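Written below as structure tokens is the structure these notes are about.
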């Protein structure tokens with residue numbers, strides 16, 4: 001009898017229904033995820049240094065630390081433990097040290113840490129802190145970017161006494177570009193300096209009145225040493241007013257300082273210079289429509305001996321994001337958006353032959369391990385935050401190296417994306433995704449929410465995100481509808497370009513046709529319980545819907561453009577509306593008027609939640625204030641929620657929680 005009882009007890013213990021059940025994602029889970037944000041491979045290919053950012057629930061702050069792992073995976077060793085920011089790891093050429101940026105002593109400075117043990121040592125003492133840096137190939141110097149007064153002498157001092165007292169609180173401007181990325185500019189310029197590894201005086205290599213690297217429309221790789229360490233390539237915009245042009249160019253200058261030379265003559269955007277390992281060429285990204293910030297990028301090859309330029313991807317119809325050289329210097333690997341994925345491709349220098357390497361997922365921060373023929377990168381999917389992965393140069397033998405969030409992910413039930421295609425009213429085929437709630441039951445009916453992506457020329461990808469995370473909506477019982485309407489990247493240049501001068505027309509019709517398609521195809525969708533939400537350009541579409549349709553039970557607009565004329569006059573990116581609306585309001589007032597959501601608010605009645613970060617400089621606060629005034633005047637149920645000390649994206653962990661709670665309170669009230 002005891003044997004029978006024991007066997008029955010064992011069966012109960014191991015039965016799947018008795019095991020710990022998975023559960024839906026919560027707002028607190030989003031706060032608990034660790035985020036891998038950068039990586040750097042050691043010169044010998046044995047190790048990877050990477051950063052992990054966590055939200056500290058006790059303090060309500062975020063913390064970033066550096067970890068070290070074998071390039072084959074395994075145990076990850078935490079290299080920094082300071083409660084301040086420690087990030088941007090960079091290996092010394094001999095592989096014995098890691099340099100990184102830390103603000104543990106106040107301003108962000110360069111520190112160096114021995115790999116074999118020991119304390120981190122502060123290297124730089126730059127008055128205004130270090131924005132970015134890179135280590136020279138010989139290990140003797142750093143090239144760093146910092147804020148400094150514009151001066152003409154190449155080897156001038158990095159420090160200067162600025163006004164103090166009440167005078168320092170008054171802002172005075174004589175020309176445009178007075179605000180950028182949610183901060184007021186103070187007269188300093190971002191400039192490049194070279195500094196000895198042992199510390200001491202740094203010398204400026206980019207004098208003049210121009211930010212270097214460019215503040216606007218640049219990349220995270222806009223200055224770099226040549227392989228011999230004798231030259232530095234960098235990006236800057238030398239137009240009179242950088243706020244309303246996209247004319248970034250690439251220059252080269254001796255690392256010791258001296259005369260610099262422009263190597264690009266294109267009047268559109270050139271960025272992301274990368275020297276070939278053999279030193280003969282510089283590859284960079286370039287687009288060819290002046291003023292069109294979201295134009296498709298190509299890979300251009302610059303021959304350092306002949307000074308000739310050659311387009312390697314002129315037959316490739318996708319937008320390129322980043323690139324890295326193969327160790328042989330005979331081909332490059334790059335990423336490009338492709339139908340809702342950020343895929344990896346390779347191009348041969350000799351014949352421009354392009355091949356796909358890895359087409360699934362969202363892959364970025366590419367590196368090449370020259371010692372074992374592998375590509376290293378960060379990879380995410382809709383149900384997995386970024387982790388370190390590796391594959392061979394053919395995209396085979398895909399291998400996950402880190403499992404930073406595995407303990408939490410193992411507890412959560414999350415679905416993957418289903419995709420669909422449909423015909424827009426003009427016959428164009430449009431792509432979208434559906435995300436079902438966890439524990440989905442096709443016998444039930446579900447409410448849905450349409451999310452509109454933030455960037456006009458962005459796209460929904462198979463990626464786990466922080467803001468507008470589709471999984472958190474699905475966890476609350478919504479089917480999430482993600483449509484890559486006209487303007488989205490990843491479907492060819494013409495599809496993206498079709499948005500210009502067409503804001504409230506093509507993308508809106510695409511969205512409505514997409515909804516018609518999914519409601520007809522999927523009987524478990526309740527077409528009477530539908531909401532829509534978005535920010536930036538997605539917020540514009542929500543604001544446009546508010547005056548053009550009554551099919552939604554409620555709407556949510558975060559930092560949405562509501563009045564294009566005032567947007568043009570207050571944004572820190574004038575080139576954006578200037579291109580999209582065909583010039584300034586004085587030059588093309590009819591387009592600005594035609595696509596102003598405020599003009600049509602009087603036609604609406606759908607309840608509207610309006611959210612905005614008060615420091616947003618891209619879509620300034622006046623856009624939401626005007627919108628709220630309009631909907632209140634027309635007696636439309638509405639709420640305005642403002643977030644102090646936040647920009648276009650809400651970042652503070654505590655305010656992020658409030659942001660999510662506010663959204664779900666609104667959805668629960670009206671759906």
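The values are calculated or read from the model by the stated rules, or taken from the named source; none is laboratory data. Quick caveat, the model's predicted, so the values are computed rather than measured. Cβ atoms come from the backbone with ideal geometry, glycine included; neighbour counts cover every protein chain shown.
Comparison of 351, 363 shows that the only residue that is in contact (Cβ under 8 Å) with a residue 12 or more places away in the chain and either over 30 Å from residue 51 (Cβ atoms) or not assigned by TED's automatic domain parsing to the domain that holds residue 431 (or both) is 363.
From the list 559, 573, 532, the one residue that fits, being more than 26 Å from residue 246 (Cα to Cα), in contact with a helix residue (DSSP H, G or I) (Cβ under 9 Å, 6 or more places away or on another chain) and either surrounded by fewer than 22 Cβ atoms within 10 Å (Cβ to Cβ) or in the same structural domain as residue 436 (by TED's automatic domain parsing) (or both), is 532. Determine, yes or no, whether residue 339 is outside the structural domain of residue 366 (by TED's automatic domain parsing) and crowded, with 17+ Cβ neighbours inside 10 Å. The answer is no for residue 339.
Considering the conditions (1) closer than 30 Å to residue 485 by Cβ; (2) in contact (Cβ under 8 Å) with a residue 12 or more places away in the chain; (3) touching a strand residue (DSSP E or B) at 6+ places or on another chain (Cβ under 6 Å), residue 421 is excluded by exactly one of them, (2).
So that you can scan it fast, the table gives a plain yes or no per residue for (1) surrounded by fewer than 18 Cβ atoms within 10 Å (Cβ to Cβ); (2) within 23 Å of the chain's Cα centre (by Cα); (3) assigned by TED's automatic domain parsing to the domain that holds residue 251:
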{"residue": "180", "(1), (2), (3)": "no, yes, yes"}
{"residue": "187", "(1), (2), (3)": "yes, no, yes"}
{"residue": "195", "(1), (2), (3)": "no, no, yes"}
{"residue": "202", "(1), (2), (3)": "no, no, yes"}
{"residue": "207", "(1), (2), (3)": "no, no, yes"}
{"residue": "218", "(1), (2), (3)": "no, yes, yes"}
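Quick check, is residue 583 in contact with a strand residue (DSSP E or B) (Cβ under 9 Å, 6 or more places away or on another chain) and under 26 Å from residue 175 (Cα atoms)? The answer is no for residue 583.
Checking the stated criteria, residue 532 turns out to be assigned to a strand (DSSP E or B) and under 27 Å from the mean Cα position of the chain (by Cα). Restricting the range 98-108 to residues that are in contact with a strand residue (DSSP E or B) (Cβ under 9 Å, 6 or more places away or on another chain) and surrounded by fewer than 21 Cβ atoms within 10 Å (Cβ to Cβ), the residue that is farthest from residue 78 (Cα to Cα) is 105. Identification of strands (runs of 3 or more DSSP E) wholly contained in the range 319-390 with 2 or more residues that are touching a helix residue (DSSP H, G or I) at 6+ places or on another chain (Cβ under 8 Å) yields no element.
Out of the residues in the range 239-258 meeting the condition of being at pLDDT 90 or above and in a loop (DSSP other than H, G, I, E, B), tell me which one is nearest to residue 214 (Cα to Cα). Residue satisfying both the conditions and the ranking: 248. Scanning the range 106-130 for residues being touching a residue at least 12 places away in the same chain (Cβ under 8 Å) and more than 20 Å from residue 148 (Cα to Cα) gives a total of 8. Looking across the range 282-299, the residues that are outside any loop (DSSP other than H, G, I, E, B) and either assigned by TED's automatic domain parsing to the domain that holds residue 584 or crowded, with 21+ Cβ neighbours inside 10 Å (or both) come down to 282, 283, 284, 285, 286, 299.
Looking across the range 180-214, the residues that are outside any loop (DSSP other than H, G, I, E, B) and out of contact with any strand residue (DSSP E or B) (no Cβ under 8 Å at 6 or more places or on another chain) come down to 180, 183, 184.
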